[in-house]
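Notes for the one structure printed next.
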Amino acid sequence: MTGTTIEGLKLIKVVDGDTIKVELNGEVESLRLCCLDTEESWPGGSKPVTRAGILASKRAKEYFGTAQDGFPSGEIRVDIEFDTNDPLPECLKKHRGNYGRLLCYVNKNCENYNLNMVKEGWSPYFVKYGRSRYYHSEFLEAEKEAQSKNIAIWDPVTNASGNKREYKILIPWWHLRESIIQDYRKFGIQRGVQSVRVDYDDIVEAAKTGSSITVFCDLQGWYKQTTGQRSFDLCRFNQT
């Protein structure tokens, strides 16, 4: 099985190793490539810029055949694939990240770019928001191969003279979160548990009408910003 696909989209820009822009339905859509988390190549975010991030961005631009500013010199077409086989309108709604970007795999010449970047060592298999439904085994093998070869982020020399990410700390945490998400996928959905990512509109409607629902969400961002009664009320709401 494969996920719902859209073929022949015009590539607008390669932003970095895990983000590109395409033209979709006459508009520019930003794609956050799922199961990838390449290191940073631009300052300003919460993560440090690293040499590995700069090199991953360069590799992405080479892969898609763009100039080093990320813009194509000619027309480049790619296919995208979502991680479920739901109808396309539903995929365009539910497969979106925290910043509204579409979450998907991207294929060029029938090759899965997401898998290729893990295989080349430019990203770990990123499961913080859930494992791949269709390519889990392939991602595990790709990561194992890159680690065995000590390439890119798995080579200490790559970031030896500057910032680096602490994967020994991050990866176990990602897999803990992934195990919880996997339980939700197996048991929560069929029991009617609502997901903040997928069912936001339904949750808002339930709040307006005072309906009792069970919500699956990450309280981390809220917890950092609030204290006292507001945090308690949100926790209580999600356990109703």
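Within the stretch 164-208, how many residues turn out to be touching a Gly at 6+ places or on another chain (Cβ under 9 Å), modelled with pLDDT of 95 or more and open to solvent by 70 Å² or more (accessible area, probe 1.4 Å)?
0
Is it fair to say GLU29 is open to solvent by less than 40 Å² (accessible area, probe 1.4 Å), in contact (Cβ under 8 Å) with a residue 60 or more places away in the chain and among the acidic types (Asp, Glu)?
Judged against the criteria, GLU29 is a match.
Has the stretch 80-90 got at least one residue that is modelled with pLDDT of 95 or more and touching an Asp or Glu at 6+ places or on another chain (Cβ under 6 Å)?
no
In the set ASN159, ASN112, ASN163, ASN116, which member is among the polar types (S, T, N, Q), in contact with a Pro (Cβ under 8 Å, 6 or more places away or on another chain) and closer than 27 Å to ALA56 by Cβ?
Just one listed residue meets the conditions, ASN163.
Give the residue that is nearest to PRO43 (Cα to Cα), with candidates limited to residues of the stretch 152-163 that are touching a Ser or Thr at 6+ places or on another chain (Cβ under 7 Å) and surrounded by fewer than 16 Cβ atoms within 10 Å (Cβ to Cβ).
The qualifying residue nearest to PRO43 (Cα to Cα) is ASN163.
List pairs: first residue in the stretch 79-108 and open to solvent by 60 Å² or more (accessible area, probe 1.4 Å), second residue part of a loop (DSSP other than H, G, I, E, B) and at pLDDT 95 or above anywhere in the structure, Cβ distance under 7 angstrom, at least six positions apart or on different chains.
ASN85/GLY3; ASN85/THR4; LEU88/THR4
So, in the stretch 6-21, of the ones that are over 17 Å from the mean Cα position of the chain (by Cα) and of a type outside the set (Asp, Glu), which residue ends up surrounded by the fewest Cβ atoms within 10 Å (Cβ to Cβ)?
GLY8
Would you confirm, using the coordinates I've provided, whether GLU75 is out of contact with any strand residue (DSSP E or B) (no Cβ under 8 Å at 6 or more places or on another chain) and exposed (fewer than 13 other Cβ atoms within 10 Å of the Cβ)?
Judged against the criteria, GLU75 is not a match.
Somewhere in the stretch 94-113, is a residue assigned to a helix (DSSP H, G or I) and not aliphatic (A, V, I, L, M)?
yes
Please pick out the residue among VAL118, VAL127 that is open to solvent by less than 30 Å² (accessible area, probe 1.4 Å), touching a Phe, Trp or Tyr at 6+ places or on another chain (Cβ under 8 Å) and either in a loop (DSSP other than H, G, I, E, B) or of a type in the set (Gly, Ala, Ser) (or both).
On inspection, the qualifying residue turns out to be VAL127.
Of all residues in the stretch 1-47, how many are out of contact with any Leu (no Cβ under 8 Å at 6 or more places or on another chain), basic (Lys, Arg) and at pLDDT 95 or above?
Final tally of qualifying residues: 2.
Answer yes if at least one residue in the stretch 186-209 is among the basic types (Lys, Arg), within 19 Å of ARG131 (Cα to Cα) and over 17 Å from the mean Cα position of the chain (by Cα), and no otherwise.
For the stretch 186-209, residues among the basic types (Lys, Arg), within 19 Å of ARG131 (Cα to Cα) and over 17 Å from the mean Cα position of the chain (by Cα): present.
Filter the stretch 135-151 down to the residues that are over 20 Å from the mean Cα position of the chain (by Cα) and open to solvent by less than 70 Å² (accessible area, probe 1.4 Å), then identify the one that is farthest from GLU40 (Cα to Cα).
The selected residue is GLU145.
Quick check: anything in the stretch 22-29 under 15 Å from the mean Cα position of the chain (by Cα) and among the hydrophobic types (A, V, I, L, M, F, W, C)?
No - not one qualifying residue is present in the stretch 22-29.
The values are calculated or read from the model by the stated rules, or taken from the named source; none is laboratory data. Keep in mind it's a predicted model, so treat the numbers as computed, not measured. Methodologically, a virtual Cβ is constructed for each residue, glycine included, from the backbone with ideal geometry; neighbour enumeration extends over all protein chains shown. Each accessible area value is taken on the protein alone, full model and side chains, heavy atoms only, with ligands, DNA and RNA left out. Shrake-Rupley method; radii C 1.70, N 1.55, O 1.52, S 1.80 Å.
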